[in-house]
1. Rounding to the nearest 10 and keeping the result within 0 to 90°, find how far the Cα-based axis of helix B:88-106 lies from the longest principal axis of chain B.
2. Report P(r) for the stretch B:33-109: all Cα-Cα distances, bin width 5 Å, range 0 to the bin holding the largest distance, values in whole percent.
3. Compute the Rg/Rh shape ratio of the protein assembly as shown: radius of gyration over Kirkwood radius, all on alpha-carbon atoms.
4. Sort B:THR98, A:THR73 by Cβ crowding within 10 Å, fewest neighbours at the top.
5. Which of the lysines could a cross-linker bridge to A:LYS62, judged by Cα under 23 Å and excluding same-chain residues fewer than eight apart?
6. If I model a spin label as a point 7 Å beyond the Cα along the Cα-Cβ vector, how far apart are those points for B:TYR88 and A:ALA99 in nm?
7. Quick one: net charge around B:THR73, please, counting Lys, Arg +1 and Asp, Glu -1 for every other residue with C-beta under 13 Å from its C-beta.
8. Counting Lys +1, Arg +1, Asp -1, Glu -1, what net charge surrounds B:PHE100 among other residues with beta carbon under 12 Å of its beta carbon?
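Read-outs throughout are calculated quantities, based only on the coordinates presented, and are distinct from any laboratory measurement. Bear in mind the structure is a predicted one, so any value in this text is a computation, not a measurement. Positions of Cβ are generated from backbone atoms using ideal geometry, with glycine treated the same way; all protein chains shown enter the neighbour counts.
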Protein chains: 2
Amino acid sequence: MRLKERKIPIQQECGLDLIREVLFGKWKIHLLYYIGQGIMRPGQLHKEIPEASRRVVNMQLKSLEEDGFVSKTIYDQKPLKAEYRLTYIGFSVLPIITAFGNWGDNNREHLKRVISQKVNFL
Amino acid sequence: MRLKERKIPIQQECGLDLIREVLFGKWKIHLLYYIGQGIMRPGQLHKEIPEASRRVVNMQLKSLEEDGFVSKTIYDQKPLKAEYRLTYIGFSVLPIITAFGNWGDNNREHLKRVISQKVNFL
DNA sequence: CGGTATCCCTCGGGATACTG
DNA sequence: CAGTATCCCGAGGGATACCG
């Protein structure tokens, strides 16, 4: 798993702390959402998130798998094929992720405005 | 959100992207939650999150204020007094934050287990 | 198609001390 | 009490190349 030991330990008091540790990787929530939409293959998932490198997508998928949010199936064939599916736990967070997505969509104008005011925005 | 017709998504349009930019600072969601609980003064908020330095708490509060999630009131008196309140927009995200917190609480055992496996905590 | 190996760099945020 | 000024670190990821 992890090669280096963390210098700064993870706090694990409340539910929000726990969630942040496992779900707040940059693309994890997106991945769960897309997998929930039925997009299960790594290549497809990467196409949905072209801003992230392939390596990062794999890293986050592996992390989600280790944390029990998705399961991975590897088909022994050519060309190679792999599929990710939501576990029961992964499925159970979906409604909250969707709620976040909907909230963001509904407040798109406000959010885009405040984000564009931040410094390093192109 | 949609699933179809998006070969080349140039979008920072996705609600999940927008939300991440504005709410996924390490302590922002906690701060919104506590402010929603009626804990409005900086000192009190810092006591709720002793793992974060005072400077970081202030940074995140300022960011939340700039992004329209909280409003700040400074009372011109001695000793100094300041209070943060949720704006309408800030208030509207609260249910989702609460949902996340409840989910984390309900799945505490699982989350603590997977977190402790990947990291040296405490 | 799928996954790794290296390298490198950003930048969020930790610690501490100071001012009004 | 509230906020700032410095300094600094390290974990997360971006880029790229390579392998089954």
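1. That works out to roughly 70 degrees.
2. 3, 14, 21, 24, 21, 10, 4, 2, 1, 0
3. Radius of gyration over Kirkwood radius for the protein assembly as shown works out to 0.99.
4. On the way: B:THR98 16, A:THR73 10.
In increasing order of surrounding Cβ atoms, one gets A:THR73, B:THR98.
5. Partners found: A:LYS4, A:LYS7, A:LYS26, A:LYS28, A:LYS47, A:LYS72, A:LYS78, A:LYS81, B:LYS26, B:LYS112, B:LYS118.
6. Roughly 2.2 nm, to one decimal.
7. Taking every Cβ under 13 Å from that of B:THR73, the sum is +1.
8. Working: positive: A:ARG20; negative: A:ASP17, B:ASP105.
So the surrounding residues net to -1.
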